[in-house]
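This report refers to the structure that appears directly beneath it.
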Amino acid sequence: MNYLNKRFMHLATVCLLSATAMADSYDPATNRLTIDSVQVGSTIYSGVVVTVGNVISLGTQKPAVPVVTAACLNSNFTLAQVNNIKAGMTAEQINAIFGCAFDPRKTSRNSLYVSRQWTNSDEYIASGGKIPLIIVNVSFDLVSDTVLQAGGRPLIVTSGI
């Protein structure tokens, strides 16, 4: 029995050290760690489930990757979120603030800047205009592709917020 416990602990340790992180999950209610695949020697195991006993240590924390949807809804926009947009940010950072992506169909470019637009227009049209139309236009530098500033503030025009 002692041999089996040692073998299990070895396998559990190997699972924890060589797991593929993208599909891994932990259920604290059952103490089960589900791992997409684990390699032990030359053998690869798929769909590995380990019952975790005592946690000896935790590594560093990483912030969760924000979920960004393709379509923006009315609920994606608040004045506080707009105020979080800063000069020098990228479009991807603004996508993360709103939780939705800018509409590439509404991107325009001139000789001075690129303008990208976040809007709930599809939701507005689908509702027959029964919800407010929200538009957030942000201007980006042509070279660095980051938010421009004017008078020390980010160059943003909003409507409906």
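The values are calculated or read from the model by the stated rules, or taken from the named source; none is laboratory data. Treat the numbers as computed from the prediction; the structure is a model and nothing was measured. Don't worry about glycine lacking a Cβ; one is built from the backbone with ideal geometry, like all the others, and counts go over all protein chains shown.
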Please specify each residue of region 122-146 satisfying the condition of being aromatic (Phe, Trp, Tyr) and within 22 Å of the chain's Cα centre (by Cα). Phe140
Test result for Val67, surrounded by 15 or more Cβ atoms within 10 Å (Cβ to Cβ) and either hydroxyl-bearing (Ser, Thr, Tyr) or modelled with pLDDT under 90 (or both): no
Considering only region 70-103, state which residues are surrounded by fewer than 18 Cβ atoms within 10 Å (Cβ to Cβ), more than 10 Å from Val136 (Cβ to Cβ) and of a type in the set (S, T, N, Q). Asn74, Ser75, Thr78, Asn83, Asn84, Thr90, Gln93
State whether the residues of region 43-54 include one that is within 30 Å of Leu133 (Cβ to Cβ) and either in a strand (DSSP E or B) or in contact (Cβ under 8 Å) with a residue 60 or more places away in the chain (or both). no
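Residue-by-condition table, conditions (1) under 23 Å from the mean Cα position of the chain (by Cα); (2) among the basic types (Lys, Arg); (3) outside the structural domain of Asp24 (by TED's automatic domain parsing):
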site: Ser46; (1), (2), (3): no, no, no
site: Ile56; (1), (2), (3): no, no, yes
site: Ala80; (1), (2), (3): yes, no, yes
site: Asn84; (1), (2), (3): yes, no, yes
site: Glu92; (1), (2), (3): yes, no, yes
site: Asn120; (1), (2), (3): yes, no, yes
site: Leu148; (1), (2), (3): no, no, yes
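Filter region 106-128 down to the residues that are part of a loop (DSSP other than H, G, I, E, B), among the polar types (S, T, N, Q) and within 24 Å of Leu73 (Cα to Cα) and list them by number.
Thr107, Asn120, Ser127
With the structure loaded, tell me whether Ile131 is touching a Leu at 6+ places or on another chain (Cβ under 7 Å) and either assigned to a loop (DSSP other than H, G, I, E, B) or touching a residue at least 60 places away in the same chain (Cβ under 8 Å) (or both) or whether it fails that test. Let's see the steps before the verdict.
On the way: touching a Leu at 6+ places or on another chain (Cβ under 7 Å): no; either assigned to a loop (DSSP other than H, G, I, E, B) or touching a residue at least 60 places away in the same chain (Cβ under 8 Å) (or both): yes.
In short, no.
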Being loosely packed, with under 13 Cβ neighbours inside 10 Å and of a type in the set (A, V, I, L, M, F, W, C) is the filter; apply it to region 30-64 and report the residue that is nearest to Ile125 (Cα to Cα). Ala64
Residue under question is Lys106, and the condition is that it be exposed (fewer than 11 other Cβ atoms within 10 Å of the Cβ) and either out of contact with any Asp or Glu (no Cβ under 7 Å at 6 or more places or on another chain) or modelled with pLDDT under 95 (or both); does it hold? no
